[in-house]
Structures are given as C-alpha cells and as structure tokens.
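A quick write-up on the structure given underneath.
The values are calculated or read from the model by the stated rules, or taken from the named source; none is laboratory data. Note that the structure is predicted; figures quoted are calculated from it, not measured. Methodologically, a virtual Cβ is constructed for each residue, glycine included, from the backbone with ideal geometry; neighbour enumeration extends over all protein chains shown.
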Amino acid sequence: MLRLIALVMVILSLLVCLTGCFSSHPEDIQVFSKPDKVVLTPSNYVLMPPDEIEIHCSKVPEINLQRQIIRPDGFITFENLGSIQVANKTPDEVSQLIKAKVLELYALAGENPIDVQITAYQSKFYYVLGEVERPGPKIITGRDTTFTAIAAATPTPLAWNKRIQIIRPSINPNEKPKIFELNYYKMSAHGDLSKDVLLQEGDIVYVPATILASLGKTVQEVTMPIGSTFSTINTVQRTAKGPSDVQSSD
C-alpha cells in the first residue's frame, strides 16, 4: 500500500513538472534569424579545425587544386610555402595569407590570383536531443532551420511535437539562454513556418516526451527496482530451502 501511495505521488509530481517545467519565452525567438532575411556566403564562413579547403591557383601548379584539412593546431602546410595559420579566418583572408607566401617565391599577376574554396564543413555543430530517431550533433551547413533539423532527426512516436524547445545557450553567466517553443505538428501538417528560423553553432533542439510517455518511463523506473528486489528475495529463499525442500513443497 505504501509503495502504491509513493508511486501515485511520483506520478502527480511528474504531471506538475511536465505541465510547467519548460522555461521558454515567446519573445526569445527575436534573437533568431529568418532564412529569407539572411544571405550566407562561404566568404563569411570562419574556418576552424577540421574544415577542409581547396586551393585554386593555376599559375602555381604545386598548390593548385590541393586540398587541406585544417589541423587541430589551426595550421595547413605546403611543401615549399611552409605552415600557415588559417583557423579563425575566412576563405578570403586565407587567400591573402597564401598569396603573401607565394609572392616570396613567384610572381603573380592579377588582383585575386588565389582562390580558397571550402570543400567540407566539419567544425560547427548544432544538437538535436530527446525523442528523435537520430539524436546527437549535426554539422552546420549554413542553411539549417528548425524545420529541416527536426524533420531530419525524425521525432519518435513518443515525441511531444507541440512543445519542442529551441535553445540558444549562453556562455555568459550574466546572460540567460534564449529559449522559445514551437509546434512541429503545425509546421508539418499545416505549413505554419512562422517559427522556422536559422540555427547557429551550439543551438539545441530539444524534443520532449509526451506526458503519457514520461509517466510510463517513470513508472518503469519505480517498479523495476521493486520487481528486481522481489525476484532476488524469491531466488534467495529457494536457494536456502535446497532442492529437496523445493521438490517436497511442490
């Protein structure tokens, strides 16, 4: 009887928590950008390890079409040019750094004889967590939105699609994270993309479980130890009786 009362109390507490534990604020969506309001180009991208770049310079065959993965220390290396630090720089800035090195050995004509292109975006991530088929970190492509992120991760049947939390964490202890809530059902079933915003590096998409799903998990967590305890006691009792006692009692 006491166990039943305790279980009921746990369920009631969970219900109260689930109906009011989210800390989202509708106005926080204002810090996020709409896809049609932002023009993103590779030239604005800040390179970091282990992004991969390709060098285009037809007048210097030894580096032309050469691909380089940025090392953990932030450098790339060429046989004759040596090492160049490229982390925290844009492709255009890297082009100028390589140009300066090349000019020490060769004569280059033209304003932009060297072009640096990004061939693999591998350094920046957002995260999809909770009740989805494919959780975890996702590589930022520059055009990732809340809708595409959730659709790609695929919510499970236990997902609370009407209360998905979009979180922009803060590393500043004096600044609160920005969190808003969206209804993925309205997005997918009715085409309501009013909350379809661009994701940035470090953003979190959290898909919570429904109330019933959370209750089921909680009940399982509470009852499993009890069941295991009774199973252990029964095993100990049968062992203590011995084989002959068990057969006679049968």
Open item on the list: Between ASP28, ASP36, which is buried (at least 18 other Cβ atoms within 10 Å of the Cβ) and among the acidic types (Asp, Glu)?
Closed with: ASP28
Task: Considering residues of region 48-99 that are under 14 Å from VAL116 (Cα atoms) and of a type in the set (Gly, Ala, Ser) only, the residue surrounded by the most Cβ atoms within 10 Å (Cβ to Cβ) - done: SER95
Open item on the list: Please determine whether any residue of region 139-162 is more than 22 Å from THR210 (Cβ to Cβ) and among the aromatic types (Phe, Trp, Tyr).
Closed with: no
Open item on the list: Name the residue that is nearest to THR156 (Cα to Cα), counting only residues in region 113-133 that are in contact with an Asp or Glu (Cβ under 9 Å, 6 or more places away or on another chain) and of a type in the set (A, V, I, L, M, F, W, C).
Closed with: PHE125
- [ ] Exactly one condition in (1) of a type in the set (A, V, I, L, M); (2) assigned to a helix (DSSP H, G or I); (3) touching a helix residue (DSSP H, G or I) at 6+ places or on another chain (Cβ under 9 Å) is not met by ILE84; state its number.
- [x] (2)
- [ ] State whether the residues of region 122-132 include one that is free of Cβ contacts under 8 Å to residues at least 40 places away in the same chain and either surrounded by fewer than 17 Cβ atoms within 10 Å (Cβ to Cβ) or more than 23 Å from THR41 (Cα to Cα) (or both).
- [x] no
Open item on the list: Residue under question is GLU201, and the condition is that it be within 18 Å of the chain's Cα centre (by Cα), surrounded by fewer than 15 Cβ atoms within 10 Å (Cβ to Cβ), part of a loop (DSSP other than H, G, I, E, B) and not β-branched (Val, Ile, Thr); does it hold?
Closed with: yes
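Go through THR148, THR141 for me and flag whichever is closer than 30 Å to ASP192 by Cβ, part of a loop (DSSP other than H, G, I, E, B) and of a type in the set (Ser, Thr, Tyr).
THR141
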- [ ] Could you please let me know if ASN112 is more than 30 Å from LYS34 (Cβ to Cβ) and touching a strand residue (DSSP E or B) at 6+ places or on another chain (Cβ under 7 Å)?
- [x] no
Open item on the list: Being at pLDDT 90 or above, of a type in the set (Val, Ile, Thr), more than 28 Å from LYS178 (Cβ to Cβ) and surrounded by 12 or more Cβ atoms within 10 Å (Cβ to Cβ) is the requirement here; does VAL10 meet it?
Closed with: no
TODO: Could you list, in sequence order, all residues of region 96-138 that are assigned to a loop (DSSP other than H, G, I, E, B) and under 17 Å from VAL207 (Cα atoms)?
DONE: GLU131, GLU133, ARG134, PRO135
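Suppose the filter is of a type in the set (A, V, I, L, M, F, W, C), within 12 Å of CYS57 (Cα to Cα) and not assigned by TED's automatic domain parsing to the domain that holds ARG168; does VAL116 pass it?
Numbers: of a type in the set (A, V, I, L, M, F, W, C): yes; within 12 Å of CYS57 (Cα to Cα): yes; not assigned by TED's automatic domain parsing to the domain that holds ARG168: yes.
It is true that VAL116 is of a type in the set (A, V, I, L, M, F, W, C), within 12 Å of CYS57 (Cα to Cα) and not assigned by TED's automatic domain parsing to the domain that holds ARG168.
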Task: Among residues of region 157-187, those that are exposed (fewer than 15 other Cβ atoms within 10 Å of the Cβ), polar (S, T, N, Q) and over 18 Å from the mean Cα position of the chain (by Cα), counted - done: 2
Open item on the list: Take the residues in region 133-144 that are within 12 Å of the chain's Cα centre (by Cα) and not small (Gly, Ala, Ser); name whichever of them is surrounded by the fewest Cβ atoms within 10 Å (Cβ to Cβ).
Closed with: ARG134
